[in-house]
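Read through the structure below, which is laid out as structure tokens, and then see the notes.
The values are calculated or read from the model by the stated rules, or taken from the named source; none is laboratory data. What you see is a predicted model, and the numbers here were worked out from it, not measured in a lab. Neighbour counts are summed over all protein chains in view; Cβ atoms, including those assigned to glycine, are modelled from backbone coordinates with ideal geometry. The area values use the complete protein model at the heavy-atom level, side chains included, leaving out ligands, DNA and RNA. Shrake-Rupley method; radii C 1.70, N 1.55, O 1.52, S 1.80 Å.
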Amino acid sequence: MVATVVATGSSTSRSRWGGDRLRRRHLLGSLLLAPLLTACFASGGGTGSSGDAKEGSRLRVALAFPPAENLSPYGADATVLSRLGVTEGLTALDANGVAAPALAESWRRENDRTWLFTLREATFQDGSEVTPSAVAAALTHATEAEPAPAALSGVTLDAKPEGDAAVRITTAAPDPVLPLRLAGPGLAVLSSKAYDDKDRVDPVGTATGPFELTEVTGSTSATLARHDDYWGGRAQASGVDVRFIADGTARANALRTDEIDIAEAIPVAQAAILEEATRKETATTRTTSLLLNSESGPFKDARLRAAARQAVDTSALADGVYEGYADPGAAIYGPAVSWAEGKRRQPTGRATAQDPDGTRITLATYDNRPELPEVSQVLKQQLERAGFKVALEVREYSRLESDALEGKFDAFVLARNTLVDTGDPLAVLAGDYTCDGGYNIAQLCDQNVDRAVARAEGIADTAARQGAAMAAEAAILGTDAVVPLVHQRIITGVADSVSGVLLDPYERTLVGTGTRR
């Protein structure tokens, strides 16, 4: 059976938040935004069929972030699921940020609000078929989530099955980057069983990826089995054993002592003591920033935000804390996004700095990324030299996220992959810095920013959209609600015996069908 998915758009509004296993992968000449990166995937194995290859052992993987939201696909845990090869959506991102086939085999744009997606034959891990009705239901559940997935920030989707072979998706306005949006980890397609509990979405055994989540032990470990009916071919590894290890030094030591095969986010301080062959450095679109609460507390005053910005020495962070594995913060989008520099604009509307004169602030961060506490210590010193009195709070991310989103801190140090949600530069700008943004830790609500982001979202031409995105970036930076600190390069620890690890600049993938030991 070949089915189609039809996406169309209507009036404007904003939301709150079995088969033959053919793997035809062809891109149609539809309008797709393609941010060019200076880095690409460094994969030792593809994502194609591997059923004829010699079967590998189970993989042992250490991840930095324990589940923060019971492995809900709608929040931060969505990327955990995609990195482990559990979930996937209608599309995926290739190494250059172009939308590529996933559950959707191909697509074309019929008009400014209508896209036609052709589904490949695929099955869910529970044995049921991936049908238009299942796709429509999964997308509908995503639109009803609170908060909404970041990929849907500022977008309204109404998904309904159309007969036996189509799903009609109605958007509130023309969406020129819909194929990119559907690649967002938060828009993974799950079977109907995932939604049996109205209070949570359960990805255990209900996704479509090459590995099936079979057991989750709190926030400490997870067990994955191979999904033998995966449409892309049987994975070479027989399964994956996952340990969630928030401490970066412990992750590095586990790799060195052969307790694990793959360790994400190796601390800079541990990189030098690992064998060179096991250190895999990848340029990424991740920016570490200082977010200032612009809604309440001292940083409601734009003059104090300006003072905090002026106090920060980003070179000291890049050269000192990151030991050269990062570049000084230039803007929200860093050097890994090659097109951004030529279109960059100066921030607009900045306030004049005011003497902090002993103003007390609470600065928070998390220790899952081991450099962040050190970054925050250095920032504390810099801010105190400028006249602030700083109380520093460090917790594990899962114990910090809700407070951060509720604006309980004056300042927050966050490492954010700026293209992780859709690959479209506007997704993070809308989700993190607009009034209705679902991940707005800075609590920013500025009409000039909202207008600039909305203006850019309506542009279809790639170059023009990129330029408008840079104008919106300038407006956001002008509020001083975000101070870019460094643009990161990440280090992944990979044992000599392992091949096919997916080193992704977008940090969406890690384990695929070709990953084995």
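A few comments on the model shown:
- Selection within the stretch 184-200 - crowded, with 23+ Cβ neighbours inside 10 Å and either over 14 Å from Val135 (Cβ atoms) or touching a Cys at 6+ places or on another chain (Cβ under 8 Å) (or both): Gly184, Pro185, Gly186
- Residue in the stretch 396-407 that is hydrophobic (A, V, I, L, M, F, W, C), out of contact with any Lys or Arg (no Cβ under 8 Å at 6 or more places or on another chain), farther than 30 Å from Ala100 by Cα and assigned to a loop (DSSP other than H, G, I, E, B) present: yes
- Here is the figure for the stretch 487-501: residues that are open to solvent by less than 20 Å² (accessible area, probe 1.4 Å) and small (Gly, Ala, Ser) total 3.
- Qualifying residue in the stretch 351-364 (condition: of a type outside the set (D, E, K, R) and closer than 30 Å to Thr462 by Cα): no
- Residue check for Phe124: buried (at least 18 other Cβ atoms within 10 Å of the Cβ), under 30 Å from Thr217 (Cβ atoms) and either aromatic (Phe, Trp, Tyr) or at pLDDT below 85 (or both): yes
- Reported count of residues in the stretch 327-374, each being among the acidic types (Asp, Glu), open to solvent by less than 70 Å² (accessible area, probe 1.4 Å) and in a loop (DSSP other than H, G, I, E, B), is 1.
- Elements of the type strands (runs of 3 or more DSSP E) sitting completely within the stretch 179-292 and holding at least 1 residues that are over 22 Å from the mean Cα position of the chain (by Cα) and over 23 Å from His487 (Cα atoms): these cover 211-217, 221-226, 239-244.
- Positions within the stretch 508-517 being within 20 Å of the chain's Cα centre (by Cα) and either polar (S, T, N, Q) or open to solvent by 10 Å² or more (accessible area, probe 1.4 Å) (or both), in sequence order: Arg508, Thr509
- Just one of the listed residues (Gly329, Gly320) is more than 27 Å from Ala68 (Cα to Cα), among the small types (Gly, Ala, Ser), modelled with pLDDT of 90 or more and in contact with a strand residue (DSSP E or B) (Cβ under 9 Å, 6 or more places away or on another chain), and it is Gly329.
- For the stretch 347-382, the candidate set comprises residues that are in contact with a Gly (Cβ under 9 Å, 6 or more places away or on another chain) and among the polar types (S, T, N, Q); within that set, the residue that is farthest from Arg465 (Cα to Cα) is Thr359.
- The residues in the stretch 383-400 that are crowded, with 19+ Cβ neighbours inside 10 Å and either over 15 Å from Leu291 (Cα atoms) or within 22 Å of the chain's Cα centre (by Cα) (or both) can be counted, and the count is 4.
- Unmet criterion (only one of (1) surrounded by 17 or more Cβ atoms within 10 Å (Cβ to Cβ); (2) closer than 24 Å to Pro347 by Cα; (3) among the charged types (D, E, K, R)) for Arg455: (1)
- Of the residues making up the stretch 229-282, those that are within 30 Å of Leu103 (Cα to Cα), open to solvent by 40 Å² or more (accessible area, probe 1.4 Å) and either small (Gly, Ala, Ser) or touching an Asp or Glu at 6+ places or on another chain (Cβ under 9 Å) (or both) are Arg234, Arg243.
Per-residue answers, yes or no, for (1) at pLDDT 80 or above; (2) assigned to a strand (DSSP E or B); (3) not basic (Lys, Arg):
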| site | (1), (2), (3) |
| --- | --- |
| Cys40 | no, no, yes |
| Gly44 | no, no, yes |
| Thr47 | no, no, yes |
| Ala78 | yes, no, yes |
| Ser82 | yes, no, yes |
| Thr87 | yes, no, yes |
| Arg109 | yes, yes, no |
